[in-house]
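Read-outs: derived from the displayed coordinates by stated rules, not from any lab. The structure presented is a predicted model; accordingly, all values stated were derived computationally and were not measured. Backbone-built Cβ (ideal geometry, glycine too); neighbour counts: all protein chains shown.
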Amino acid sequence: MERYYPVALVTLACSLMLFGMATVVARTHGKVGIFPPTMTGHPDLENAVRGHMNTIEWLPIFLPSMWLFAIYWNADWAAALGAIWIVGRILYFIGYTRAPNKRFAGFGIQGAAAIALLLGALGRIVYLMM
């Protein structure tokens, strides 16, 4: 199990990142005076909510891909790509909350890391099955 410690740490870092984004959304609710369950009505709130939700939408792609990559390829590489994914998502979120058109660099970084993990895991599993 020790070989998966780096991947476990990246998984927990992902959880901390999501918690941080949720905190920004909560603070933005207060800042703009629009309280839950309302999620629209001010661009700052809408941008924070969408940046957070878009990250959550990527989790079913990212997490299984990272863990399967770690199991079937290499845990250290999986953790490194996972860390890159997190950096990309943070840049995406910061860009989105500042101005939605500033989110694309972060999206590209996280997208490349997610695709590498997904296709790497899939390719290795198919190869081993043959």
Quick one: what pairs do we get from the range 53-72, first residue more than 12 Å from I115 (Cβ to Cβ) and in contact (Cβ under 8 Å) with a residue 24 or more places away in the chain, second surrounded by fewer than 16 Cβ atoms within 10 Å (Cβ to Cβ) and among the β-branched types (V, I, T), C-beta under 6 Å, 6+ apart or different chains? Y72/I125
Can you tell me how many residues in the range 16-31 are more than 15 Å from G51 (Cα to Cα) and free of Cβ contacts under 8 Å to residues at least 12 places away in the same chain? 2
Condition met for I56 (closer than 17 Å to S15 by Cβ and surrounded by fewer than 18 Cβ atoms within 10 Å (Cβ to Cβ)): yes
